[in-house]
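Each reported figure results from applying straightforward, stated rules to the coordinates on display, with no laboratory input. Everything numeric here is computed off the predicted structure, so don't read it as measured data. All Cβ positions, glycine included, derive from the backbone under ideal geometry; neighbour counts span all protein chains shown.
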Amino acid sequence: MGSNRVDVAVIGGGVHGCSTAYHLAKKGLKVALFERDYISSGGSGRSAAGLRYQFGTEVNCRLAQYNMEVIPRLQKELEYEADLEYDPAGYLWIAYSECQLDQLEKNVKLQQSLGSPTELLTPEGIHRVAPHLNLEGMLGASFCQLDGHVNPHTLCFAYADAAKRLGAAIHKKTSVTGIIMKNGRAAGVHTSQGDWEADSVVCCAGPWSVDVGRWVGLEVPIEPERHQILITEPVERMRHPMTLCLDDGSYWKQCPNGTFMFGWGNPEEAKDTSYESGWPFLEEVTTRVIAKMPILSGVRIVRQWTGPYDNTPDFQAIVGPTPVEGFYLDCGWSGHGLQFGPSVGRIMAEFVNGEKPFIDVHRFRFTRFEENDLFFEPACI
Ligand SMILES: Cc1cc2nc3c(=O)[nH]c(=O)nc-3n(C[C@H](O)[C@H](O)[C@H](O)COP(=O)(O)OP(=O)(O)OC[C@H]3O[C@@H](n4cnc5c(N)ncnc54)[C@H](O)[C@@H]3O)c2cc1C
């Protein structure tokens, strides 16, 4: 056991675990990351990989600004050999009711007050940025041209490889099976490949953080929820922005390789972490998207998959130290966490290293649930 000793053990090889490992290793800490499957095999690699300035709470807007500044230069910073496919094709949130439009107006006001380049569009403005849309029922939208897309796999691989170059050990196909506790504090991890002692343990295990939390006596309030996505064959580039319709939660965008991605959150979807997907989604999502974007009628579907959201009661993440000394949480991203890898990986490393986080994330604290201090993110689906 003596040789398996690190400063920090990180659980989970999604974007949050990989970014945290990178930022910790950059500070000179000895890090071991444990991923039970392959890097990006969880929610990160199954996401729609949308990036945006457009959030509705101040802390998310501030973190988003940092993410959006960092992502375009990340490939260079991480010295990664492949393209991260950042594509600023824009992001449209479309309102179909006065109440939705009011909320978008509030969001844009907040975003603009913090310096984000977002705008409100009338239906004519929507037509200008997305000429193929059927405008029926659309009252207005919020839009940001710099919002867009990244490749979620290469984003995770780039962080993991950079962490490795800085000395971190990346243990794939290695499950964490328990937490070593000493004198009431987290002191390492039990894994399928042996035990590792560590001064700190950071849990970035997405919806599986519930199990990890129980090992240290914490009830992490996360409910998993299946979400499905499909990909079409590639078609001519239309520079069509990511489009999210608030009437039914359907969304779609054109990826840099010309394929379209369709998504829709089915309220009837199972609340579990199964990766199974099925026909009802395919039928529902294509019907909805084609009604709103008729030009896509007849485009063939190539593949489809499922990933888990890790929803908290207020759809906001849980970030930072916990009542268990030496045990930190970065989870509960409730369907919008891929893009927060850059900012929050840095913040987790700052927490573990005893520094003040560069953006105040007190609102994300684990204890807010028992303190009844929830704060809802209005810009999520
Ligand atoms: C369909 C869909 C669409 C989405 N669209 C977007 C989007 O457009 N934009 C956006 O920003 N976000 C989006 N998200 C959300 C985003 O995917 C997640 O918020 C984000 O990827 C969470 O990253 P993570 O690192 O916290 O967790 P994950 O990527 O889920 O990583 C957790 C990892 O922990 C590993 N693990 C779990 N338990 C253990 C254990 N005991 N031992 C070792 N390893 C373990 C898992 O295998 C997994 O790889 C979407 C999600 C889905 C499902």
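Details
- Peptide packing: for 349-360, 110-121, the average count of neighbouring Cβ atoms within 10 Å per residue gives the ranking 110-121, 349-360, highest mean first.
- Mean projected area (nm²) of the alpha-carbon convex hull when the stretch 19-69 is viewed from all directions: 5.0
- Stokes-Einstein D for the stretch 207-295, Kirkwood Rh over Cα pairs, 10 °C, 1.306 mPa s (µm²/s): 106
- Restraint check, 27/164; 26/356; 164/253; 109/271; 30/182; 76/173, Cα-Cα greater than 25 Å: 164/253; 109/271; 76/173
- Modelled FRET efficiency - R0 51 Å, residue 30 with residue 291, Cβ distances, 0.05 increments: 0.40
- The chain, relative contact order in percent, only Cα pairs under 8 angstrom and at least six apart counted: 24
- For the stretch 4-146, the Stokes-Einstein estimate of translational diffusion at 10 °C and a viscosity of 1.306 mPa s comes to 90 µm²/s, using the Kirkwood hydrodynamic radius over alpha-carbon pairs.
- Computed over the stretch 66-150: relative contact order in percent, which uses C-alpha pairs under 8 Å that are six or more apart: 43
- Kirkwood-type radius of the chain, with distances r between different C-alpha atoms, in Å: 21.1
- Calculated FRET efficiency for the pair residue 195/residue 271, C-beta based, R₀ 35 Å, to 0.05: 0.60
- Rg(Cα) / (2.2 N^0.38 Å) computed for the stretch 129-218, rounded to two decimals: 1.75
- Packing, as the average of other Cβ atoms within 10 Å across residues, places the peptides 62-73, 138-149 in the order 138-149, 62-73, highest first.
- Under the Debye formula (equal points on every Cα, no solvent term), log10 I(q)/I(0) of the stretch 290-380 at q = 0.12, 0.21, 0.25 Å⁻¹: -0.50, -1.07, -1.36
- Sorted largest first, extent of the stretch 168-242 alpha carbons per principal axis (Å): 61, 30, 19
- Choice from 81, 35, 219 showing the highest fluctuation, given a GNM over the chain with Cα pairs closer than 10 Å: 81
- For the listed peptides 173-183, 45-55, a ranking on the average number of other beta carbons within 10 Å per residue, highest first, reads 45-55, 173-183.
- Label-to-label distance, nm, for residues given as residue 122 and residue 301 (7 Å Cα→Cβ offset): 3.8
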